[in-house]
Each structure stands twice: as C-alpha cells, then as structure tokens.
1. Kindly list, by first and then second residue, each pair from a residue in the stretch 215-232 that is under 16 Å from P164 (Cα atoms) to a residue that is hydroxyl-bearing (S, T, Y), limited to pairs with Cβ atoms under 8 Å and residues at least 6 apart or on different chains.
2. From the list C328, C315, C283, exactly one residue is surrounded by 17 or more Cβ atoms within 10 Å (Cβ to Cβ) and modelled with pLDDT under 95. Which is it?
3. Of all strands (runs of 3 or more DSSP E) completely enclosed by the stretch 37-101, which ones contain at least 3 residues that are under 21 Å from G223 (Cα atoms)?
4. I'd like to check something: does the stretch 264-279 contain any residue that is under 30 Å from I71 (Cα atoms), in contact (Cβ under 8 Å) with a residue 40 or more places away in the chain and of a type in the set (A, V, I, L, M)?
5. Quick one: in the stretch 117-142, of everything that is under 22 Å from F100 (Cβ atoms) and part of a loop (DSSP other than H, G, I, E, B), which residue is most open to solvent (accessible area, probe 1.4 Å)?
6. Before we move on, is L289 at pLDDT 95 or above and either open to solvent by 30 Å² or more (accessible area, probe 1.4 Å) or assigned to a strand (DSSP E or B) (or both)?
7. Scan the stretch 238-280 residue by residue and report those that are open to solvent by less than 20 Å² (accessible area, probe 1.4 Å) and either assigned to a helix (DSSP H, G or I) or under 19 Å from K184 (Cβ atoms) (or both).
8. Within the stretch 19-35, does at least one residue satisfy the condition of being of a type in the set (F, W, Y) and without any contact (Cβ under 8 Å) to a residue 60 or more places away in the chain?
Amino acid sequence: MEKKNIDWSKLGFAYTKTDYRWQSTWDNGEWSEGGLLEDPEFHLLESACVFHYSQSCFEGLKAYTTEDGRIVTFRPDQNGLRMIDSAKRLEIPPFPLEKFLQSIDEVVRANAAWVPPYGTGASLYIRPVLFGSGPQIGVAPAPSYTYRVFVMPVGSYFKEGPKPIRICVSDYDRAAPHGTGAIKAGLNYAMSLFPTQEAHRNGYAENMYLDPQTRTYVEETGGANILFVDADNNLIVPKSQSILPSVTRRSLVYVGQHYLGLNVIERQVRLDEVKNFKECCLCGTAAVLAPVGLIHTHEGDIALPSGMDQMGEICGKLRQTLTDIQACKIEAPEGWIRTIC
C-alpha cells in the first residue's frame, strides 16, 4: 500500500485532515451501528448540550508501523474502558467497548496510507470523542449523543522532542477536590488553557499542578502524568484521587517493574521533597515520555541532577523499552498489542 507523500520527519503535534473518520449516534436508548464517513465536519444545533454545559469526554491513543510492516495499536481496550468511566461520570450513555475497538480498527485500516512508516519517529494519533449533541437548554443531560473517532499523523508533542523541558508550578488548580480530575473530560482541559498559555509566555513547556485541597502534593501537568526517580533509583508515582489514570503511566510502571527490575512506589509526593529526586519526566499518549530538567517554584528553581542536556538514565531506559514494545521490537505483555493489518 502506497503511503501519503509526507515528510514524516517534519511532523509536529497538530491536526491534519485524513480521508476517513468513524461515527455512531445515540438516540432512543441505543447506539446506532456506526461506520466510516468522509465529511470531517459536524452539523449541530445551536442548542446542542455540549455548547452550553460541556458534556463531553475524549480519548487519545496511537497506531504504529512495526519493523515487519504491520500496523498495530497499543492497549486500545484500556482507552475504551477509561472512556466508559468518563461517560458514566458525565451522565453520557457509555460507548460499548466492543464497538470502541471496532471503530478504532476500521478507521485506522481505512487511513492506513496516513500511518507513518517504521523508523520515522512519527505515529498515527487517534482521537475518539463523545459528546451531548442533542438540544438541551435546561441544566440536564442531553437527549442524544455523538461518538466520533478521527486520526492524523503526528510527530513529537513537545518541540524539544525527547530533550529535557522546563516546567513551572502553577498558581492555579487543575481540578477540584472530589471533582472530575480522574476522568478525561473536555472541561478539565478548558480550565487548564489559560494557565498553560501563561506558562508558555513565561518560557515553560508545561505546568505542574498541586493538589487542590492543600497545595502541598504534586499531582500532574495540564496534559500528562508525572513520574520521579529518587536517589535510590526507585520509580516514584504520585498518588491522588484527582490524577487521570494514564494508560502510558500504567504501562511505564509495568515496564519499570517487570522489564527493568525497578522498585515502584506509588504514594503522595510533597513538593518540598522533589529537590531530592534525581530524575523527573512527564508521560502520556501524546508525549510518551518527556524528561524534565528544571522545575520553577516560588521558592526557587529545582534543577534535576539529570540536567538539561539529555534524558536521565532511568527515564531513558523506560522510554526506550516502552517504544520498543509499541514497535514490536521486543515482546509485549499479553493483550498490549492489537494488530490492525
């Protein structure tokens, strides 16, 4: 199959219109069969619930070309299950897992020409979205819903690529106590847009958010989870009820334990102890694993010993092992790789 004429090495993380998307609608108590579309536009009423009460959630995952030429996805079932959790919290009829996997398979297969070749460092980003599309002016769930998944080829999420980035502790909260921080709701990201742009204007790639109740413990960034490596090479995983359960983070934790033999400790992490850690990284589907070299706080900058020149040793091993699993260069745990074609 002939690939699109694209300079794959020049791709950033941005929208590109591809040939097909997949859509299903919910009305009268059930989801339609769904199928592929060519039209990239939505046609919605001005009274659609999503415009007024932000009743929406989404997911993000990737498809890869392996060394032997197959196209595969990485743990799509976990994204489907997380979308079900998000939908339940937002009073949206959950999109069934088997139909979620069907939609991913079909839209990736239909857009196979857009999947970057092996060795380019690029991938096909997959964005499922689920929202209240029916009319609703009163504060209540929508009467009907739309599920759509579209795809685009992407490169690195951060312009620095795998080089260490600078982040800052935000004065804003990402989520409210007992709120929606643990689901992938669009409204969470809307709340982070202003703080993120403020961070960019001040020369930082991302914000580090603290717990909203005491502003003492590290939570996550606007678009990724955070991991640390302590002085004894333990992998430290911040724990909180308002952290999004990242598929990438869970995969890296497994890789650390079972492939690299690391001791993994999941616990609350105080901001004032971060200065004692040797490595820090952000992780998520878009970024995979991005090393952090410096964290700006009101009490002064925390310069990680791993530095700003290259990724720390442990983070580097974690990233390489995970990307090798995704590319099928090393054997994956059972169920992690789903072959599309």
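1. Qualifying pairs under 8 Å: T221/Y209; A224/S246; N225/S246; N225/T248.
2. After applying the criteria, what remains is C328.
3. In the stretch 37-101, 56-58, 61-65 are the strands (runs of 3 or more DSSP E) which contain 3 or more residues that are under 21 Å from G223 (Cα atoms).
4. No, because not a single residue in the stretch 264-279 is under 30 Å from I71 (Cα atoms), in contact (Cβ under 8 Å) with a residue 40 or more places away in the chain and of a type in the set (A, V, I, L, M).
5. By that ranking, first place goes to P141.
6. Judged against the criteria, L289 is a match.
7. P238, S242, I243, L244, S246, V247, T248, S251, L252, V255, G256, V274
8. So far as the stretch 19-35 goes, no, none of its residues is of a type in the set (F, W, Y) and without any contact (Cβ under 8 Å) to a residue 60 or more places away in the chain.
The values are calculated or read from the model by the stated rules, or taken from the named source; none is laboratory data. Just so you know, these numbers come straight off a predicted model, no measurement behind them. Glycine also receives a Cβ, built like all others from the backbone with ideal geometry; neighbour counts cover every protein chain displayed. Heavy atoms of the whole protein, side chains included, go into the accessibility calculation; ligands, DNA and RNA do not. Shrake-Rupley method; radii C 1.70, N 1.55, O 1.52, S 1.80 Å.
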